[in-house]
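Shown next, in structure tokens, is the structure this report addresses.
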Amino acid sequence: MDLKTTASRFIVLTSSALLLGACADAPTAVDAPSSGALSRSASADRLADLFAKASPAVMALGGTVFADNDESIGKLVFGVENARAIPGVTRALAAVGASSNEYVVQVTEPIRHMATLRDRFRPTQAGVQIHFGRYVCTMGFNVDHSGGRSFITNSHCTNTQGGVEGTTYAQPSRTVDPTVIATEVDDPLYVKGGSCPRGKKCRHSDASRALYSSSVASNRGDILKTTGANNGSLTVGGVFTVTSQDNTTKNFAKGTVLNKVGRTTGWSQGPVDRTCVNTNVSGSTVHQFCQTFVTAAVDGGDSGSPVFSITSGDSVQLVGILWGGGTGYFVMSPLASIQQELGSVVATK
Amino acid sequence: MTLPAVFSRATLLFPLLAAGCGDAGDSEPVDTFAAQVEARAGVPSAQAGPVVTLDVPQSVAAGSPVPIRIRVKNETAAPLDLYLRGRDVTFDIVVTDSAGDTIWRRLGDEPVQAILQLRTLAPGEALELSHEWDQRSQRGSPVPPGRYTVRGSVLTDGSSTLDSDPGMVEIRP
């Protein structure tokens with residue numbers, strides 16, 4: 001039943017009745033309703049009574065989608081996911097006294113909750129929100145590593161950027177699910193000297209590794225796909241499959257189209273604008289060697305997003321991890337540099 | 001301020017953040033702050049969100065640092081959740097000359113980390129962020145005496161920011 005429609009009808013009818021009442025001469029006798037009107041009213045009352053019994057009985061059955069007392073056709077309408085559910089519904093309706101001309105059972109598309117990148121995902125998949133301390137980031141990608149089943153996120157998405165403090169992660173947040181899904185186990189220290197600019201501390205990637213808790217399942221090679229590139233949607237509409245990973249490139253060709261999926265701005269896509277850039281990080285003494293700038297959207301919370309190129313359809317090649325950006329561009333660390341610092345990983349399906 | 005940055009108490013999922021931040025860490029009142037500009041950018045009513053205030057002195061002698069302070073205050077009766085970008089709260093200050101050209105910007109062109117911080121302001125609590133502009137342009141050269149417009153903003157989780165209204169400062173010869 002369409003509650004809004006019903007409510008609107010009620011309001012309109014009530015208002016009409018009030019208006020009529022106000023305009024009519026007070027002592028005028030009221031005509032008796034016709035027998036047809038009485039019949040329709042009785043039929044509607046029976047359907048309403050029937051609906052009150054039938055709806056809970058039917059909706060308790062597997063494969064049912066909706067129950068509606070459809071006043072426009074004078075029948076009860078039941079939606080089911082597939083034809084196999086129809087016999088059970090028919091039996092339940094017979095049991096509450098409904099005759100076959102009082103209802104319709106139709107196959108309809110199931111109503112699904114549209115999950116977003118900020119929802120809970122088990123097994124975990126890349127691109128979802130993770131939470132630690134008072135911060136929120138994005139889970140980069142699941143990997144197999146010699147140290148165990150893990151995920152990669154940013155070094156700055158740990159309690160301290162550089163160095164291992166055993167940061168614990170929840171997904172999507174500690175309040176929604178307090179389970180510790182993983183614990184930081186690798187986050188190399190930033191180093192000074194050498195080619196690192198004076199007053200800075202340097203690394204080649206903004207990446208860390210968190211080891212999964214044994215009870216938490218993860219899907220290696222999955223990156224959640226939202227409804228479209230550069231549309232800002234966070235609604236999950238599919239999955240990208242990591243079929244290959246780029247273990248060597250640090251110098252991406254300018255113009256190469258790269259993508260990321262992050263919990264704040266979803267799926268964004270754009271060309272490489274600067275390649276192998278040594279860059280400072282605003283508000284810190286951190287300096288990152290040989291990073292890639294991509295002209296695409298990013299915002300707070302996207303840190304850790306997996307970066308990839310689409311090879312065919314939903315098949316992708318993993319190329320790096322996003323850690324920041326400015327107006328109209330994001331910055332990522334190449335996968336080659338990540339493995340240089342964290343050791344080799346397998347991220348493919 | 002726009003909706004993505006601010007959530008009602010009902011959406012609070014995370015622990016409170018008690019301490020203030022900011023690179024200068026100066027939360028004390030500064031006597032030279034004569035001009036105070038309040039903004040309620042994008043907020044439909046006085047009860048709907050934080051008040052963003054920019055403090056900047058009316059005039060400063062040439063060569064002297066210009067203290068600038070942004071204050072984000074919860075003037076509502078309920079706790080207010082802010083989703084703010086950066087491990088430390090990231091804020092920007094933009095100085096423009098009388099022609100409207102940008103002379104200096106605090107964040108410059110450096111990339112900002114895309115981590116998100118969750119912060120709750122109790123009723124009456126304020127987040128204060130301060131910085132001193134050294135009267136130099138983005139290229140590092142001293143700016144000439146004159147009147148300059150200063151704007152402040154705090155970065156959030158969306159394309160929007162917590163923006164102040166502009167303030168004016170005069171650099172005296």
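Starting from the Cα of B:Asp97, step 7 Å toward the Cβ, then list every residue of segment B:142-173 with an amide N under 18 Å from that point. Backbone N within reach: B:142-151, B:168-173.
The mean number of Cβ atoms from other chains found within 10 Å of a Cβ in peptide A:253-264 is 1, as a whole number. In the complete set of protein chains, residue-level accessible area for A:Thr168 is approximately 60 Å², probe 1.4 angstrom. Against the compact-protein benchmark of 2.2 N^0.38 Å, the Cα-based radius of gyration of segment A:64-121 scales to 1.43.
Among A:His204, B:His131, A:His287, the sequence by solvent-accessible area, most first, with a 1.4 Å probe is A:His204, B:His131, A:His287. Sorting A:Lys349, B:Lys73 by solvent-accessible area of protein heavy atoms yields A:Lys349, B:Lys73, largest first, with a 1.4 Å probe.
At the residue level, B:Met168 shows approximately 70 square angstrom of accessible surface with a 1.4 angstrom probe and all protein chains present. Per-residue mean of foreign Cβ neighbours for A:298-308 is 5 (Cβ atoms of other chains, 10 Å radius).
Loop-located trypsin sites (Lys or Arg not before Pro) in segment A:235-303 (DSSP state other than H, G, I, E, B) with a sparse environment of at most 16 neighbouring Cβ atoms within 10 Å: A:Lys254.
When DSSP beta bridges are limited to those with both residues in chain A, what percentage is antiparallel, rounded to the nearest 5?
Working: 63 of 77 bridges.
Antiparallel bridges make up about 80 percent of those DSSP assigns within chain A.
The mean number of Cβ atoms from other chains found within 10 Å of a Cβ in peptide B:116-122 is 4, as a whole number. Quotient of the Cα radius of gyration of segment A:124-346 and 2.2 N^0.38 Å, N being its number of residues: 0.92. The A:Arg91 and A:Arg122 beta-carbon pair, evaluated with R₀ = 41 Å, returns a calculated FRET efficiency of approximately 0.70.
Listed cross-link partners A:Lys200/A:Lys225; A:Lys250/A:Lys349; A:Lys225/A:Lys250; A:Lys225/A:Lys349 are compared with a 27 Å cut-off, the Cα-Cα value being larger for A:Lys200/A:Lys225. Extension gain, A:Asn82 to A:Ser244, is 54.5 nm, computed as 0.36 nm per intervening residue step minus the present C-alpha separation. Taking every C-alpha pair closer than 8 Å and separated by at least 6 residues, the mean separation divided by the residue count of segment A:124-346 gives a relative contact order of 22 percent. Within chain A, helices built from complete DSSP H runs that reach 27 Å or longer along their own axis (Cα positions) and carry a mean Kyte-Doolittle hydropathy of 0.5 or higher are A:3-23.
The values are calculated or read from the model by the stated rules, or taken from the named source; none is laboratory data. These numbers were taken from a predicted model, which means no experiment stands behind them. Positions of Cβ are generated from backbone atoms using ideal geometry, with glycine treated the same way; all protein chains shown enter the neighbour counts. Areas reflect the complete protein model, heavy atoms only, side chains present, ligands, DNA and RNA absent. Shrake-Rupley method; radii C 1.70, N 1.55, O 1.52, S 1.80 Å.
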